[in-house]
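Beneath this line is the structure, given in C-alpha cells, with notes to follow.
The values are calculated or read from the model by the stated rules, or taken from the named source; none is laboratory data. Note that the coordinates shown come from a computational prediction; the quantities given were computed from them, not determined experimentally. Note that we place each Cβ from the backbone using ideal geometry, even for glycine, and neighbour counts take in every protein chain shown.
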Amino acid sequence: MPESGEPTYYERMGPVKGRLMKAYHVMRLVYKAMFNKGPLVVLLEIKWRLGDEIMALPVYDALWKSHLDGERGDRVAVWCNYPELLENNPHVDSVNDKKIDPDVYVLLRGTDRFTNRQDYYEDHMKLEFMSGRPALYFENWDSPLLEEISTGDTPLIALNRGATWDTKQWPKENWNALGQALELRGYRVIVLGQDGETIDAGTSFVARTDVRDAAVLLHEAALTVAHDSGLMHLSLAAGTPVVALFGPTEPRIVVKNDPRLHSIRNGRECQGCWNREGAMERPGVCPLKISDCMSTISLESIVETVEKLAPINR
C-alpha cells in the first residue's frame, strides 16, 4: 500500500475484482490505441500531503502536451485530498469523481525521495514537456480574511513555522524573535499555520484558514518565510517568493529551478540527509540524534534575506 496508507483505485475493489478490472482496462486501452476508437480517460490519484499534491500540479499540463488529444475528447480525472488546488485548472476535467471508469490509472504518490519530484514524474510517465512550475488558476483571489490585514505601504511578510517533522523546525522562540524583529523594522506581518503553530507577532490566521484562504493570504504577501512545508509549496504556487529554511531535506529535490525559492540551509555537514542514500532511514528521525537540527540558522541571516528581497522604501 502507498505511503499514505490510502487504498488505491484498484485496491478499493478488492483483490479479485481489482485484478480483473485492471486487466479489462489494459485490454480496452490496447483496443482504443490500435483502432483509434473513442477518447481516453486518465485517472490520476494523488491523495497525499499538501506539499506533495502541489508538486504534482505540473503533471496535468504535461500529460496533455505529451500524450492526450483534446479533439479526440480525452479527459483527465484527479483524485486528491485538496481539491481547492485544482479550482479552474484548465488541464483537469473532473475532481474526486468516484464513478470514473478510466482507461489509464496512474498513482502519483509513493515516489523516489532521492530524485526531484518533477524529474521522477517525467521519467516514469514519459512526459516530454514537464517544464512548468506548480501554479494555481483561481479566477479571483478574494477572501474575507484579507480585510483583517493591517493597511500600509510597507511589504507584507507571511510567516509559517509548521512542518511535518520536528527535525525540520526552527525553534519557536526564534520565530517569535523573527516576527518581532520584522515588525520593529516596519514590516507588516501575518502568521499562518495549523493549530499550535502560533508566533508572538503580527496578525494571526493560525487554524483559521482552509487551503484556498491560505493561498489567497500568501498571494497577498510580498514574501513568505517558512520551513520545507506544505505552505512553502502553496506560497510558490500562489506566485509569492519564499525564504525557506532547510535541514534534513534538500531544496533541489523538492523544488526545481524556481528563482522565487530562496533557501537558507542549516550549514551542517549532514544537511539534506533525508535525500541522501544511506543517511536518514526513518522519516524525521535524525540518525545522528541531533535534537536541534535547525538551530544553526541565525535570526540575522533570515532578516537580512527578507530585507534584500522585500526592501522597505524609506
If you go through the stretch 206-216 one residue at a time, how many are β-branched (Val, Ile, Thr) and assigned to a loop (DSSP other than H, G, I, E, B)? 2
Got a number for residues in the stretch 282-303 being under 17 Å from residue 246 (Cβ atoms), in a helix (DSSP H, G or I) and of a type in the set (A, V, I, L, M, F, W, C)? 2
For the stretch 161-172, pairs from a residue that is buried (at least 19 other Cβ atoms within 10 Å of the Cβ) to a residue that is of a type in the set (Ser, Thr, Tyr) and modelled with pLDDT of 95 or more, with Cβ under 6 Å and 6 or more apart or across chains, are 162/229; 163/229
Name the residue, out of 260, 268, that is surrounded by fewer than 21 Cβ atoms within 10 Å (Cβ to Cβ), charged (D, E, K, R) and at pLDDT 95 or above. 260
Residues (under 19 Å from residue 298 (Cβ atoms) and of a type outside the set (Val, Ile, Thr)) located in the stretch 256-271: 262, 263, 265, 266, 267, 268, 269, 270, 271
Scanning the stretch 63-118 for residues that are basic (Lys, Arg), part of a loop (DSSP other than H, G, I, E, B) and surrounded by fewer than 17 Cβ atoms within 10 Å (Cβ to Cβ) gives 72, 98, 99
Only one of (1) of a type in the set (Phe, Trp, Tyr); (2) touching a helix residue (DSSP H, G or I) at 6+ places or on another chain (Cβ under 9 Å); (3) not in a loop (DSSP other than H, G, I, E, B) does not apply to residue 170, and that is (3)
Only one of 301, 295, 235, 204 is closer than 27 Å to residue 56 by Cβ and in the same structural domain as residue 169 (by TED's automatic domain parsing). Can you tell me which? 235
Looking at (1) closer than 16 Å to residue 54 by Cβ; (2) out of contact with any helix residue (DSSP H, G or I) (no Cβ under 8 Å at 6 or more places or on another chain); (3) outside any helix (DSSP H, G or I); (4) not aromatic (Phe, Trp, Tyr), which one does residue 219 not meet, given that it meets all the others? (3)
Given the conditions (1) outside the structural domain of residue 157 (by TED's automatic domain parsing); (2) part of a helix (DSSP H, G or I), every one holds for residue 312 apart from (2)
Which listed residue is assigned to a loop (DSSP other than H, G, I, E, B) and either touching a residue at least 40 places away in the same chain (Cβ under 8 Å) or over 22 Å from the mean Cα position of the chain (by Cα) (or both), from 145, 178, 136: 136
